[in-house]
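**Q** I'd like to ask some things about the structure below.
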Amino acid sequence: MVIVNDVHPPLHYLLLYLFNPLGLTKSLYFVKVFSVIPYILIMIVSATKIREDYGWLTAGLFIFSLGVMTDFFVEFLTARMYSWGLFFVLMAFLYYWEVVNNWDRKSWILLTLFTLLSASTQYFFAITCALIYLLLLVEILRNNRDKIKQFAKSVIALAVLYAPWGYVMIRQIGLHSDEPKDIVHIHDILNYFIFFAIKNEGFNLEMIVLKVIAVVFLILLIVLIYKSKDRFSAAGVFLMYATIGLGVIGLALSFSNSMRVRYMIPIMGIFWLSASMVIGKIKDDRILAVMIALVLVLGCAGVAITEIDLNHRFEFNDKKADFLNSINNNDTVVVFNTDYGYRILHNDLNKTKMYTLKDTYFYDSDVEICKDFDQILHNNTGQKIYLVNWKLKESNKKYEQNYNMTKVYDADYYHFNLVRNVSAY
């Protein structure tokens, strides 16, 4: 039930569950360290396979980019599945090219395995892997028709192994498909093109200059790919932007939210591997110097933007902690109008009396399920009652319009409303 409501496949949760008997999953420190492991694995792959196949310059640029480009390392320190997705998708991409070059059994098995792991980590990663298989099919139909049987075996194996989760995926889509959709603005689309280096939605002078530099880098990269006729690197750039396009459409038709930068972390890994390979093949020292200089500029900008982002997060967390501490007492009643609000806040409000108006999530004994808001108000006359509303939900409106409430804390994606005149209900 927890996984169904979190709208993700189960692999990341199952991996963490293996450590549950040891009590490690109760430690936030361990859960975050667990998300750093993929970066260590990628460093090993970069120092071995990527270095051996494409050289030190490519391996060095690639691992440098993963560490400094905007928000990469923030995601490696976040207790979520995205860093693992980066590793699995990267390995699927590498073995896609191994299949194209060798058509050997080992490469097919590893491609199938990492594709399955990617799709079992996050649905967005499955889009990239599906596109990899599409490129592979095109290659087979154009030049290697005798390999179609191997392709079919891999696809059938993936379908059979993933089928048990298919029912749950359909249920997840059903649970969230009727929620309001975020609107995709033109500036969002523009930002998608340079998210590989600059994750900032602002358009002040500094950001405009950095975004122009990112666009120049992208144009030069595409020109170099075209001139070198590097099909592998071209595939990486195609996979990034095709995944974003299909992802925007898929999210609009299924789940309630629009594109988030964390969804793009795995495909940006593919992008930077492709870029590093192209740069590593440059023979002209002047062009090489220009491309490395652009990478360094974007990398330094990424570090600076990440530092600003982290400072904002720390400031936000301090303000949130101060507010939650101020209401976390026996005189306070908190009512959740969203499952997610309960998930992220109930541990911080352990001294309050908590109610939830929903019953679709796996709730602990610290909260009482009651769908009648009037009954909650009646049973807690004289108490300070806060309603936690999720901004995108249409169901919030009936509470905000029909009850006397004052917004006392706004966390952007959710807010606390103090219910006034409780005795009147």
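**Q** Looking at (1) at pLDDT below 70; (2) open to solvent by 20 Å² or more (accessible area, probe 1.4 Å); (3) not in a loop (DSSP other than H, G, I, E, B), which is the only condition VAL4 fails?
**A** Of the numbered conditions (1) at pLDDT below 70; (2) open to solvent by 20 Å² or more (accessible area, probe 1.4 Å); (3) not in a loop (DSSP other than H, G, I, E, B), the odd one out for VAL4 is (2).
**Q** Okay, moving on. So which residues in region 396-413 are farther than 15 Å from ASP374 by Cβ, assigned to a strand (DSSP E or B) and among the aliphatic types (A, V, I, L, M), if there are any at all?
**A** Within region 396-413, VAL408 is the sole residue that qualifies.
**Q** Looking for whichever is modelled with pLDDT of 90 or more, open to solvent by less than 10 Å² (accessible area, probe 1.4 Å) and in contact with a Phe, Trp or Tyr (Cβ under 9 Å, 6 or more places away or on another chain) here; the options are PHE271, PHE323. Which one fits?
**A** When all the criteria are applied, what remains is PHE271.
**Q** Follow-up question, since we're still on this one. If I filter region 68-79 for residues that are touching a Phe, Trp or Tyr at 6+ places or on another chain (Cβ under 8 Å), open to solvent by less than 10 Å² (accessible area, probe 1.4 Å) and modelled with pLDDT of 90 or more, do I get at least one hit?
**A** No, region 68-79 contains no residue that is touching a Phe, Trp or Tyr at 6+ places or on another chain (Cβ under 8 Å), open to solvent by less than 10 Å² (accessible area, probe 1.4 Å) and modelled with pLDDT of 90 or more.
**Q** Specify which of the listed residues (ILE208, ILE225) is under 30 Å from LEU113 (Cβ atoms) and either in a helix (DSSP H, G or I) or modelled with pLDDT of 90 or more (or both).
**A** Answer to the selection: ILE225.
**Q** Oh, and also: Picking from SER65, SER118, SER107, SER154, which residue would you name as being buried (at least 24 other Cβ atoms within 10 Å of the Cβ) and either modelled with pLDDT under 90 or assigned to a helix (DSSP H, G or I) (or both)?
**A** Result: SER118 is the single residue among SER65, SER118, SER107, SER154 that is buried (at least 24 other Cβ atoms within 10 Å of the Cβ) and either modelled with pLDDT under 90 or assigned to a helix (DSSP H, G or I) (or both).
**Q** Out of the residues in region 101-132 that are of a type in the set (Val, Ile, Thr) and within 9 Å of PHE88 (Cβ to Cβ), which is nearest to the chain's Cα centre (by Cα)?
**A** By that ranking, first place goes to THR121.
**Q** Next up: Please determine, by comparing only the residues of region 331-367 that are at pLDDT 90 or above and open to solvent by 40 Å² or more (accessible area, probe 1.4 Å), which one is farthest from LYS384 (Cα to Cα).
**A** LYS351
**Q** Working only within region 175-200, note down all residues that are open to solvent by 80 Å² or more (accessible area, probe 1.4 Å), at pLDDT 70 or above and outside any helix (DSSP H, G or I).
**A** none
**Q** Go through region 278-320 and give me each residue that's free of Cβ contacts under 8 Å to residues at least 60 places away in the same chain, open to solvent by 70 Å² or more (accessible area, probe 1.4 Å) and within 15 Å of ILE198 (Cα to Cα).
**A** Passing the criteria: LEU296, GLU307, ILE308.
**Q** Which one is farthest from VAL68 (Cα to Cα) among residues in region 309-359 that are polar (S, T, N, Q) and assigned to a strand (DSSP E or B)?
**A** Residue satisfying both the conditions and the ranking: THR332.
The values are calculated or read from the model by the stated rules, or taken from the named source; none is laboratory data. Since the structure is predicted, the reported quantities are computational estimates derived from the model, not experimental observations. All Cβ positions, glycine included, derive from the backbone under ideal geometry; neighbour counts span all protein chains shown. With ligands, DNA and RNA removed, areas are computed over all heavy atoms of the protein, side chains included. Shrake-Rupley method; radii C 1.70, N 1.55, O 1.52, S 1.80 Å.
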